[in-house]
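Asks: First, the structure itself, so that you have it in front of you.
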Amino acid sequence: MKKIKMIFISFVSIVALALVGCGGPASQGEEGKLRVVATTTHLTELSEIVGGEHVSVYGIMGPGVDPHDYSPTASDVDRMEGADVIIYHGLDLEGKMNRVFENMRRRNVKTYAVAEVISDADLLEGEDEEEAFDPHVWFDVTLWIEVVHSVRDAFIEVNPENRDDFTQNAENYVLLLENLHEDIQEMIQMVPEEQRVLVTAHDAFHYFGQAYGFEVKGLQGISTATEVGVSDIQELAQFIVEREIKAIFVESSVPPRNIEALKNAVISRGFDVVIGGELYSDALGDKGTVTGRYIGMFLNNVQTIVNALK
Ligand SMILES: [Zn+2]
């Protein structure tokens, strides 16, 4: 019975998904449109949704690209120089692009760090002084809604004549996100409370854990720039054995070798753990597929987690 209900919930969300306009990969500089350059796949999709027919969006990072580690190419810089507006995440997610964003501001290109509107009180701590906050806010839908509003406000500032459309597009999308937030809460009820522990390749899921009631352990730190040591693997393996965690997860934007090493370390301790599947962490799936959209990505992740841990 529960299973039927869950499938039903997912179905409703996927139908809702189909109602969101599917903005294709717009070429730059289509006549009369606002030229938007967005960094991550999440922000590329969001810019298309909020901007609708008034924008032509160029996304810098594709599926599977790790934003912590991405260095801008010469052609990215050209695109940014020619943009009417640059939408980036901020909170040091695009750690190797900060200087380029500064340069763009100096050249008077409108450049917005859209996740930095979230108040410090709602942000989780980062790893060190340089990275003061954990940037992975998209894994709490309520925080992502703030980012939707932030993108809307950026577009309105640059292109006030289309204020009403940007506002309406954002409002429609927020309704879908509110449904998504409820669906996720329902779906995770399938996982027994003591199994609500999420072990992944890097620390991308703390907001998810906080919002939806999971304990979260990443093998690497908040940025994938930190190296994994043998002792990290042994420590986490011991934790998995003690807590009898059934499954651990690889991530689409991080090579799987560390999680495989962790699995082997657990098995050598005589406990059977499986790789429960691949989660989309810092990048969406392929464009044109369900996981190429934020809502589809999130439902897919939660379904993968539920199937492995229930
Ligand atoms: Zn990350």
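Asks: If only one of GLU48, GLU30 is within 23 Å of GLY288 (Cα to Cα) and surrounded by fewer than 14 Cβ atoms within 10 Å (Cβ to Cβ), which one is it? Write out each step before concluding.
Replies: Working: GLU48 fails: surrounded by fewer than 14 Cβ atoms within 10 Å (Cβ to Cβ).
Answer to the selection: GLU30.
Asks: How about the range 135-164: which of its residues are aliphatic (A, V, I, L, M), farther than 16 Å from ASP84 by Cα and free of Cβ contacts under 8 Å to residues at least 60 places away in the same chain?
Replies: Filtering the range 135-164 down to residues aliphatic (A, V, I, L, M) leaves 137, 141, 143, 145, 147-148, 151, 154, 156, 158.
With the extra rule that they be farther than 16 Å from ASP84 by Cα, the set shrinks to 137, 141, 143, 145, 147-148.
ILE145 - this is the single residue of the range 135-164 that is aliphatic (A, V, I, L, M), farther than 16 Å from ASP84 by Cα and free of Cβ contacts under 8 Å to residues at least 60 places away in the same chain.
Asks: Another question about this same structure. Name the single residue that is nearest to the ligand (Cβ to nearest atom) among those in the range 184-200 being open to solvent by 20 Å² or more (accessible area, probe 1.4 Å) and within 30 Å of HIS149 (Cα to Cα).
Replies: GLN185
Asks: From the set of residues in the range 68-80 that are under 27 Å from ASP203 (Cα atoms) and at pLDDT 95 or above, which is farthest from the chain's Cα centre (by Cα)? Quick ask: steps written out before the conclusion?
Replies: Taking the range 68-80 as the starting set, the residues that turn out to be under 27 Å from ASP203 (Cα atoms) are 68-73.
Applying the additional criterion that residues be at pLDDT 95 or above yields 70-73.
On the way: TYR70: 15, SER71: 19, PRO72: 19, THR73: 22 Å.
Among those that are under 27 Å from ASP203 (Cα atoms) and at pLDDT 95 or above, it is THR73.
Asks: Right, here's the next one. Give me the strands (runs of 3 or more DSSP E) completely within the range 53-141, filtered to those with at least 1 residues that are away from the ligand (no atom under 16 Å from the Cβ) and open to solvent by 10 Å² or more (accessible area, probe 1.4 Å), ordered by residue number.
Replies: Numbers: elements: 55-59, 85-88, 110-113.
In the range 53-141, the matching strands (runs of 3 or more DSSP E) lie at 55-59, 110-113.
Asks: Could you say which residue among ILE184, ILE156, ILE188, ILE145 is touching a Leu at 6+ places or on another chain (Cβ under 6 Å) and either part of a helix (DSSP H, G or I) or not charged (D, E, K, R) (or both)? Before you say what the answer is, go through the steps one by one.
Replies: Working: ILE184 fails: touching a Leu at 6+ places or on another chain (Cβ under 6 Å); ILE156 fails: touching a Leu at 6+ places or on another chain (Cβ under 6 Å); ILE188 fails: touching a Leu at 6+ places or on another chain (Cβ under 6 Å).
Only one candidate passes the filter, namely ILE145.
Asks: For the range 208-232, which residues satisfy the criterion of being out of contact with any strand residue (DSSP E or B) (no Cβ under 8 Å at 6 or more places or on another chain) and within 11 Å of the ligand (Cβ to nearest atom)?
Replies: ALA225
Asks: Among all residue pairs at least 6 apart or on different chains, which show Cβ distances below 9 Å where the first residue, located in the range 41-53, is touching a residue at least 12 places away in the same chain (Cβ under 8 Å) and the second is of a type in the set (Asp, Glu) and outside any helix (DSSP H, G or I)?
Replies: Every condition considered, the pairs that remain are THR41/ASP282; HIS42/ASP282.
Asks: Would you mention how many residues in the range 53-84 are in contact with a Phe, Trp or Tyr (Cβ under 8 Å, 6 or more places away or on another chain) and under 28 Å from GLY296 (Cα atoms)? Before the answer, list the steps.
Replies: In the first step, residues of the range 53-84 are kept if they are in contact with a Phe, Trp or Tyr (Cβ under 8 Å, 6 or more places away or on another chain); the result is 54-55, 60-61, 79, 83.
Next cut, under 28 Å from GLY296 (Cα atoms) only: 54-55, 60-61.
Total satisfying the criteria: 4.
Asks: OK, next. ASP282 passes all but one of (1) within 19 Å of ASP69 (Cα to Cα); (2) more than 14 Å from the ligand (Cβ to nearest atom); which number fails?
Replies: Answer for ASP282: the failing condition is (2).
Asks: Now for a different question. Give me the pairs, please: first residue somewhere in the range 183-212 and in contact (Cβ under 8 Å) with a residue 60 or more places away in the chain and under 22 Å from GLY64 (Cα atoms), second residue anywhere and in a helix (DSSP H, G or I) and more than 16 Å from the ligand (Cβ to nearest atom), beta-carbon distance under 7 Å, and either six or more positions apart or on two chains.
Replies: Going by the 7 Å Cβ cut-off, the qualifying pairs are LEU198/ILE305; VAL199/LEU236; VAL199/ILE240.
The values are calculated or read from the model by the stated rules, or taken from the named source; none is laboratory data. Just so it is clear, the model here is predicted, and its values are computed rather than measured. All Cβ positions, glycine included, derive from the backbone under ideal geometry; neighbour counts span all protein chains shown. The accessibility values were calculated without ligands, DNA or RNA, using every heavy atom of the protein model including side chains. Shrake-Rupley method; radii C 1.70, N 1.55, O 1.52, S 1.80 Å.
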